[in-house]
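Only one structure is covered here, and it is reproduced in the block below.
A short reminder: the numbers here are calculations on the coordinates, not readings from a lab. As the structure is a computational prediction, the values presented were derived from the model and not from experiment. Backbone-built Cβ (ideal geometry, glycine too); neighbour counts: all protein chains shown.
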Amino acid sequence: MRILITGGAGFIGSNYIHYILEQYPKDTIINLDALTYAGNLENLKDIEDNPNYKFVHGDIMDGVLVNELMKDVDTVVHFAAESHVDRSILDSAAFVRTNVNGTLILLEAAKNNGNVRFHHISTDEVYGSLDKDAPPFNETTPYDPHSPYSASKASSDHLVRAYFHTHRLPVTISNCSNNYGPYQFPEKLVPLFVLNLIDDVKIPVYGTGENIRDWLHVSDHCKAIDKIVREGTIGETYCIGGDAEKTNMEITNIILNAMGKGEEMIEHVEDRKGHDKRYAINFDKIKNELSWEPDVTFEEGITETIEWYKNNEKWWRNIKSGEYQEYYNKQYGNK
């Protein structure tokens, strides 16, 4: 395959690039990334000289650039997105710009260059919030987004489906649960808690910590995406879950115990506006159709993840200090 990966310098995108180059050494990858705050080329330092990998610094809003890149690929895997709920509450416009308008530009370019195969990465948050005893989300669950972030992702999902039905663009969509693992930006729950505890700083828990999420190791997510891209049914959506529902307090205590810390390190903070109660995913469809299910248990995955952050202190220290952007800012002209 000749793959255009958008947002490949981010958390999931960079893990996916590593996965593809390891599993399919003859595939070629173009990584298009604007290097916003969550984009970090340090994530890809070890493969930057691989002849089958090319980095392009650019914005998915640049229609001319996107159109040129689309001429050289047969597949798009679209990760690029603003994805932090708290940031979407503060600045919703940036989420509409990237997640909706950016997706539209990519779809147009795919259509105009011979109907390039298009896989769109989305989230379980488009389905809204579940009551504690409600059945998990599946591919037929009605959309009910509650945050500006999830609303922008829901909009992009609808656009992707519209291009399938209107233009017969060969698309698939995946809606995943909360990811965790190596290279995750420190604003997200797992790395935030781990890095705070390494520095002996209290960890902030929203409200009472009773909100429930399903947790998916990023390596399992990458395998699922690959299955969908290569074997999935065109026009279909696949839900990807980790089979690991946990309350935020359960996650907190697991991390505290793994790092030898006590409950005195917990700081309860004001709850997030419109905080959804529970997300959970039924992944029977991808299991039955594509023989995928998660391999990594949460207990195994969180232990490995904590060790990764302990062993890669320079990586996250550079992010916290802002040094990770300095070299690339000079090279690519970011501000």
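Helices assigned as whole DSSP H runs in the chain whose Cα atoms extend at least 27 Å along their own long axis and whose mean Kyte-Doolittle hydropathy is -0.5 or higher are not found.
Under the combined filter of DSSP loop state and at most 10 neighbouring Cβ atoms within 10 Å, segment 235-304 retains these trypsin sites (Lys or Arg not before Pro): K273. Of the trypsin sites (Lys or Arg not before Pro) found in segment 1-100, those that fall in a DSSP loop while having at most 13 other beta-carbon atoms within 10 Å are K26, K71. Under 10 Å, Cα contacts only: if you run a Gaussian network model on the chain, which one of D49, D226, D124 comes out with the highest mean-square fluctuation? Answer for the Gaussian network model of the chain: D49.
With Rh defined as the Kirkwood radius, the inverse of the mean 1/r over Cα pairs, the Rg/Rh of the chain is 0.94. The sum of -39500 (n - 2.57) across all DSSP H runs of n ≥ 4, divided by the residue count of the chain, sets its helix-only mean residue ellipticity at 222 nm to -12000 deg cm²/dmol.
Put the Cα centre of segment 232-307 next to the Cα centre of segment 148-178 and the gap is 23 Å.
Hey, which of these cross-link pairs are over 25 Å Cα-Cα: K45/K202; K188/K273; K223/K285; K26/K227; K26/K285; K223/K246? Check vs 25 Å cut-off fails for K45/K202; K26/K285. Evaluating 6.51 cos²θ - 1.76 cosθ + 1.60 at θ = phi - 60° for every residue in segment 169-184, the Karplus couplings come out as 5, x, 10, 9, 10, 10, 10, 10, 8, 4, 8, 8, x, x, 6, 7 Hz, glycine and proline recorded as x.
Straight-line cross-link reach from K277 at under 14 Å between alpha-carbon atoms covers these aspartates and glutamates, not counting any fewer than eight positions away in the same chain: D124, E125, D131, D133, D144, E210, D214, E245.
Mean sequence separation of contacting Cα pairs (under 8 Å, at least six apart), scaled by the length of segment 179-257, corresponds to a relative contact order of 39 percent. When you count the other C-beta atoms within 10 angstrom of each residue and take the mean per peptide, 197-209, 247-259, 28-40 line up highest first as 28-40, 247-259, 197-209. Under 16 Å of direct C-alpha separation, and excluding same-chain neighbours fewer than eight residues apart, K261 reaches these aspartates and glutamates: D199, D200, E250, E307. Considering only E307, E245, E125, the Gaussian network model of the chain with Cα springs below 10 Å gives its largest mean-square fluctuation to E307.
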